[in-house]
Amino acid sequence: MTDKIKVFTISDHPLSPSGVGTQTRYVIEGLLKTGKYQFVSFGGAIQHPDHTPQKTEAWGEDWIIWPVDGYGTADQVRAMISQQKPDILWFMTDPRFYEWLWAIENEIRSQVPMVYYHVWDNYPYPHFNKRYYDSNDHVACISKLTYDVVQNVSPDTDSSYMPHAVDTDIFCKLEDETVLPFKKQRFGEDGLKNFIFFWNNRNARRKQSGSLIFWFKKFLDVVGHDKASLIMHTDPKDHNGQDLQHIIQELGLTHGEVLFSTAKIDSKDLAMVYNMIDCTINISDAEGFGLATLESLACEKPIIVNLTGGMKDQITDGENVFGVGIEPVSKAIIGSQSVPYIYEDRLSEEVVVNAMLEMYNKTPEERAKLGKLGREYALKQFNFDEFIERWDTLMMSIYEEKGSWDTRSGYQPYGVRVL
């Protein structure tokens, strides 16, 4: 028996490198370190070689991960709640993946509270999400935009602004005597002088990976093809995106102008890459947060971003700008059957190339100043220790005020309306 608070999580596999997976792991490991929690997790959104429950060497019985297809099923959730008797259900990602879960919220919330870590990219206010927001005990929001959306669409639902964070002890500035040999090994003596852009994203449509390569060539046509490189940490053959290898062949960018980093690397190695480059770029037309740009700022490297979603929270503190923020040149309304409408913030070739030139033409001292200010902002606004403290405070308040099982309170499974 244990008196620890048991939390059942559903998300991308928390040991996967996706933004959702990474943030889930940060929350879980941070709360485990307090000694007050146990976790059982559904690890979804990836292909699994088998579905045997997994334990981590560091946490043993306090954290068990069940690999699931998708994000699980209603019956799997019912079984987990019945067998494991969790105190809280915590889940994260875009709401379109959880319609099936909210369909059984009356079964779940009669026993345990539901805490949703909400990802949303853009306006207009998605009033079609109100029924989903209303089906939670608390909605934590990854960006100021997301928080504003929930406050306006579902004002009676408890919600909070809970931005992402990164471990700034790992993602930090490293000494030149460590970084330069690493860079020299990969680019040679001549390559030490080259300007390097870094793009760290999934190769998917909204990430604009193909557009970036085409526009990077236009930038090279101005400054010289031997003056800069673009490293893309992604799968160039991802079926959700474009064939990036075909694109570089077509454009003749096969002499080191565009380099693909395809191996999965740990956080320390990734921090080394950020230290090696000059600027991180993200021109997604929709981005809930954009974890790579925060990692870059933590390593004192400036960023170029489309001013959409959570990236607007990162590029400026209201006074200083930590790189180049690009206003969308158009806002197209797109949608689907599950998301009837949402803005897609599009950029043009001209504004992106100009942003690259602006960053390229800065002196190393000017870029270093931007990076230093960016890290100071990351430590203040996206502090990792405070991130865990906020989650601990929220989980404890949910546990104490909402209860679970025999102590469950604050939830009425039915209502009466006068028509």
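Let me spell it out: the conditions are (1) assigned to a loop (DSSP other than H, G, I, E, B); (2) in contact with a Ser or Thr (Cβ under 8 Å, 6 or more places away or on another chain); (3) within 17 Å of PRO302 (Cα to Cα); (4) not hydrophobic (A, V, I, L, M, F, W, C), and LYS362 meets all of them except one. Which number is the exception?
Only one criterion in (1) assigned to a loop (DSSP other than H, G, I, E, B); (2) in contact with a Ser or Thr (Cβ under 8 Å, 6 or more places away or on another chain); (3) within 17 Å of PRO302 (Cα to Cα); (4) not hydrophobic (A, V, I, L, M, F, W, C) is unmet by LYS362, namely (2).
Being over 19 Å from the mean Cα position of the chain (by Cα) and of a type in the set (D, E, K, R), is that true of even one residue in segment 201-214? It would help to see each step written out before you state the result.
Pass one, segment 201-214, residues over 19 Å from the mean Cα position of the chain (by Cα): 210-214.
Restricting the remaining residues to those that are of a type in the set (D, E, K, R) gives none.
Scanning segment 201-214 turns up no residue that is over 19 Å from the mean Cα position of the chain (by Cα) and of a type in the set (D, E, K, R).
Counting only residues that are at pLDDT below 95 and of a type in the set (Val, Ile, Thr), how many does segment 25-44 have?
Total satisfying the criteria: 0.
Quick one: TYR133 ticks every box in (1) surrounded by fewer than 17 Cβ atoms within 10 Å (Cβ to Cβ); (2) within 30 Å of ASP345 (Cβ to Cβ) bar one, so which box is it?
For TYR133, the exception is condition (1).
Among the β-branched types (Val, Ile, Thr), outside any helix (DSSP H, G or I), in contact with a helix residue (DSSP H, G or I) (Cβ under 7 Å, 6 or more places away or on another chain) and over 18 Å from PHE197 (Cβ atoms): which single residue out of VAL324, VAL339, VAL305 fits that description? First the steps, then the outcome.
Numbers: VAL324 fails: over 18 Å from PHE197 (Cβ atoms); VAL305 fails: over 18 Å from PHE197 (Cβ atoms).
On inspection, the qualifying residue turns out to be VAL339.
State all residues of segment 171-199 that are in contact (Cβ under 8 Å) with a residue 60 or more places away in the chain and touching an Asp or Glu at 6+ places or on another chain (Cβ under 9 Å); if no residue qualifies, say none.
Those that are in contact (Cβ under 8 Å) with a residue 60 or more places away in the chain and touching an Asp or Glu at 6+ places or on another chain (Cβ under 9 Å): PHE171, CYS172, LYS173, PHE195, ILE196, PHE197, PHE198.
Being more than 30 Å from THR293 (Cα to Cα) and either under 24 Å from the mean Cα position of the chain (by Cα) or surrounded by fewer than 20 Cβ atoms within 10 Å (Cβ to Cβ) (or both) is true for just one of THR24, THR73. Which residue is that? Full working, then the answer.
On the way: THR24 fails: more than 30 Å from THR293 (Cα to Cα).
After ruling out the rest, the residue left standing is THR73.
From the list GLY318, GLY256, which one is without any contact (Cβ under 8 Å) to a residue 40 or more places away in the chain, surrounded by fewer than 22 Cβ atoms within 10 Å (Cβ to Cβ) and not basic (Lys, Arg)?
Details: GLY256 fails: without any contact (Cβ under 8 Å) to a residue 40 or more places away in the chain.
So the residue among GLY318, GLY256 that is without any contact (Cβ under 8 Å) to a residue 40 or more places away in the chain, surrounded by fewer than 22 Cβ atoms within 10 Å (Cβ to Cβ) and not basic (Lys, Arg) is GLY318.
What's the number of the only condition in (1) surrounded by fewer than 18 Cβ atoms within 10 Å (Cβ to Cβ); (2) farther than 26 Å from ASP345 by Cβ; (3) touching a strand residue (DSSP E or B) at 6+ places or on another chain (Cβ under 6 Å) that GLN245 fails to meet?
That leaves (3) as the condition not met.
For residues that are at pLDDT 95 or above and assigned to a loop (DSSP other than H, G, I, E, B), scanning just segment 327-336, find the one that is nearest to GLY371 (Cα to Cα).
Out of the qualifying residues, it is GLU327.
Could you run through segment 342-359 and say how many residues are assigned to a loop (DSSP other than H, G, I, E, B) and of a type in the set (S, T, N, Q)? I'd like the intermediate steps shown before the answer.
Going through segment 342-359, the residues assigned to a loop (DSSP other than H, G, I, E, B) turn out to be 347-348.
Applying the additional criterion that residues be of a type in the set (S, T, N, Q) yields 348.
So the answer is 1.
How about segment 249-278: which of its residues are within 19 Å of the chain's Cα centre (by Cα) and part of a helix (DSSP H, G or I)?
SER267, LYS268, ASP269, LEU270, ALA271, VAL273, TYR274, listed by residue number.
Where residues in segment 299-311 are out of contact with any Leu (no Cβ under 7 Å at 6 or more places or on another chain) and closer than 18 Å to MET359 by Cα, which of them is surrounded by the most Cβ atoms within 10 Å (Cβ to Cβ)?
LYS301
Name the residue that is farthest from GLU287 (Cα to Cα), counting only residues in segment 310-321 that are not charged (D, E, K, R) and not in a loop (DSSP other than H, G, I, E, B).
Initial filter on segment 310-321 (not charged (D, E, K, R)): 310-311, 314-316, 318, 320-321.
Cutting the leftovers down to not in a loop (DSSP other than H, G, I, E, B) gives us 311, 314-316, 321.
Numbers: MET311: 7, GLN314: 12, ILE315: 13, THR316: 16, VAL321: 19 Å.
Here the answer is VAL321.
Here is a check on your reading of the model: is SER261 of a type in the set (Gly, Ala, Ser) and farther than 13 Å from THR234 by Cα?
Working: of a type in the set (Gly, Ala, Ser): yes; farther than 13 Å from THR234 by Cα: no.
So SER261 does not fit the description; no.
Does segment 185-200 contain any residue that is of a type outside the set (Val, Ile, Thr), crowded, with 21+ Cβ neighbours inside 10 Å and at pLDDT below 95? Break it down stepwise before answering.
If we filter segment 185-200 for residues that are of a type outside the set (Val, Ile, Thr), which is where we start, we get 185-195, 197-200.
Next cut, crowded, with 21+ Cβ neighbours inside 10 Å only: 197-200.
Filter once more, keeping what is at pLDDT below 95: none.
Taking every residue of segment 185-200 in turn, none turns out to be of a type outside the set (Val, Ile, Thr), crowded, with 21+ Cβ neighbours inside 10 Å and at pLDDT below 95.
Taking segment 350-367 as the region of interest, how many residues are out of contact with any strand residue (DSSP E or B) (no Cβ under 8 Å at 6 or more places or on another chain) and touching a residue at least 40 places away in the same chain (Cβ under 8 Å)? Full working, then the answer.
Looking only at segment 350-367, we keep the residues that are out of contact with any strand residue (DSSP E or B) (no Cβ under 8 Å at 6 or more places or on another chain), and these are 350, 353-354, 357, 361-366.
When the remaining residues are screened for being touching a residue at least 40 places away in the same chain (Cβ under 8 Å), the result is 353, 357.
Going through segment 350-367 one residue at a time, the tally reaches 2.
Filter segment 368-379 down to residues that are touching a residue at least 24 places away in the same chain (Cβ under 8 Å) and not small (Gly, Ala, Ser) and give me whichever is nearest to ASP313 (Cα to Cα). Spell out the reasoning first.
In the first step, residues of segment 368-379 are kept if they are touching a residue at least 24 places away in the same chain (Cβ under 8 Å); the result is 368, 370-375, 377-379.
Right, trim to not small (Gly, Ala, Ser) and you get 370, 372-373, 375, 377, 379.
Values: LEU370: 16, LYS372: 17, LEU373: 14, ARG375: 14, TYR377: 10, LEU379: 14 Å.
The residue in question is TYR377.
Between a first residue in segment 27-46 that is assigned by TED's automatic domain parsing to the domain that holds ASP69 and a second residue that is crowded, with 24+ Cβ neighbours inside 10 Å and part of a helix (DSSP H, G or I), which pairs have beta carbons less than 6 Å apart while being 6 or more apart in sequence or on different chains?
Once the first residue is assigned by TED's automatic domain parsing to the domain that holds ASP69 and sits in segment 27-46, its partners that are crowded, with 24+ Cβ neighbours inside 10 Å and part of a helix (DSSP H, G or I) give PHE39/ILE28.
The values are calculated or read from the model by the stated rules, or taken from the named source; none is laboratory data. Every value quoted in this text rests on a predicted model; they were computed, and no experiment measured them. All Cβ positions, even for glycine, are placed from backbone atoms using ideal geometry, and neighbour counts span all protein chains on display.
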